[in-house]
Amino acid sequence: MKDDAENLRRCLTALSTQTVAPFEVVVVDNGSADDSADVAREFGARVVEHVGGGIPAASAAGYDAATGELIARLDADCLPPANWVQVIDEYFGDHVGASAVTGGAHFTDGPVRLRRVGAALYLGAYFVVLAPALGHPPIFGSNCALRRSVWQEVSPLVHRTDELVHDDLDLAFHIGPLRRIGYSRELRMGISSRPFADWAAFALRVRRGWHSVVVHWPVDLPWRRWQRRLAG
């Protein structure tokens, strides 16, 4: 989170009214100049100060700070439904072999008629393009959860100091292919469409996505990951 107090307040309000209360809420402040950290503390969240390093470093700092058995991840501009925590809790209870779970999303802003369709097209392309490269489903960072024990295993491996890396894609590379990443249709999330309103920002997302894949080569070339997955 950085300089996003208004959206953060909306997000934390939604988290405060969950059908199953979260064990804790950790907010990583990546050098905000506004009152984002004060908003977080107002809602009783534990604020982790982590200046610099970009999103990968901030995400890793949040995972490191989490103390619960399950770590759920969303962004400051996300709007979780009231049962978001409950769905995560029930999923891991029903799927004891799962290391992580991810779900879909819809846009909470932009043209009303395009909110679900636009998000579906974006996420559909994300899953279709990346699943073959990974050998398993990717993780959508705005709506996901993983076991803390799994994070502790992959924590030394993730590219937390590479600001060009998409941290959720990097996490998926290191969790798979021998661990299970599940997808739940019940795990929904409202997300902002603002990253797609600027072509330069969108181009940077594409560049970061490509970088996040090739940084794992040649060890994690697609056919090698598939071989390991099939052998495991």
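Nothing in this text is a laboratory measurement; each read-out follows from the coordinates by a stated rule. Model, not experiment: these values are computed from the prediction. Here the Cβ is made from the backbone with ideal geometry for all residues, glycine too, and neighbour counts use every protein chain on show.
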Residue by residue through the stretch 128-140, the couplings from Karplus 6.51 cos²θ - 1.76 cosθ + 1.60 with θ = phi - 60°, in Hz, x for Gly and Pro, are 5, 6, 8, 4, x, 5, 8, x, 5, x, x, 10, 9
Which length gain, in nm to one decimal place, applies between Thr17 and Arg224 when the Cα-Cα distance is subtracted from 0.36 nm times their residue separation? 70.1 nm
Under a 5 Å amide H to amide H cut-off, with H placed in plane at 1.01 Å, what residues pair with Gly182 once short-range neighbours are removed? Ser99, Ala100, Val101, Thr102
What does the extension gain come out to for Gln152 and Glu49, with contour length at 0.36 nm per residue minus their alpha carbon separation? 35.0 nm
Under the rule of -39500 (n - 2.57) per DSSP H run of 4 or more residues, summed and divided by the residues of the chain, what mean residue ellipticity at 222 nm is obtained, to the nearest 500 deg cm²/dmol? -13500 deg cm²/dmol
Assuming R0 = 35 Å, what is the FRET efficiency of Ala65 and Arg113, from their Cβ-Cβ distance, to the nearest 0.05? 0.30
Amide H contacts under 5 Å for Val28, placed H, 5+ residues apart: Val48
Relative contact order, percent, the chain [alpha-carbon distance under 8 Å, six or more residues apart]: 23
On a C-alpha basis, how far is the centre of the stretch 205-232 from the centre of the stretch 57-112 in Å? Whole number, if you could? 24
Listing Glu69, Glu6 from the residue with the fewest other Cβ atoms within 10 Å to the one with the most, what is the order? Glu69, Glu6
Hey, what do the phi angles of the stretch 197-209 turn into as Karplus ³J(HN,Hα) couplings, whole Hz, using 6.51/-1.76/1.60 and θ = phi - 60°, x for Gly and Pro? 7, 10, 4, 5, 5, 5, 4, 5, 4, 5, 4, 5, x
Could you put Glu90, Glu42 in order, starting from the residue whose Cβ has the fewest other Cβ atoms within 10 Å? Glu42, Glu90
If R₀ is 30 angstrom, what is the calculated FRET efficiency for the pair His95 and Ala33, using the beta carbon separation as r and rounding to 0.05? 0.15
Once you have a ≥ b ≥ c as the square roots of the Cα gyration tensor eigenvalues for the stretch 1-85, tell me rounded if a/c is under 1.5, and otherwise prolate or oblate according to whether a/b is larger than b/c. oblate
Checking Gly190, Gly54, Gly124 against a Gaussian network model of the chain (alpha-carbon springs below 10 Å), the top fluctuating residue turns out to be Gly124
Residues with amide H under 5 Å from that of Cys144, placed H, sequence gap 5 or more: Arg73
Could you tell me which of Leu146, Ile88, Pro177 has its Cα farthest along the dipole of the stretch 69-231 towards the positive end, charges placed at Cβ (Lys, Arg +1; Asp, Glu -1), taken about the Cα centre? Pro177
Cα gyration tensor shape of the chain, rounded if a/c is under 1.5, else prolate or oblate by comparing a/b with b/c: rounded
Where nothing but the Cβ of Lys and Arg (+1) and of Asp and Glu (-1) is charged, how large is the charge dipole of the chain around its Cα centre, in debye to the nearest 20? 1060
Going by C-beta contacts inside 10 Å, put Trp84, Trp226, Trp151 in order with the fewest on the left. Trp226, Trp151, Trp84
Per-residue ³J(HN,Hα) for the stretch 114-125, Karplus 6.51 cos²θ - 1.76 cosθ + 1.60, θ = phi - 60°, Hz, x for Gly and Pro: 9, 5, 7, 5, x, 5, 5, 5, 5, 6, x, 5
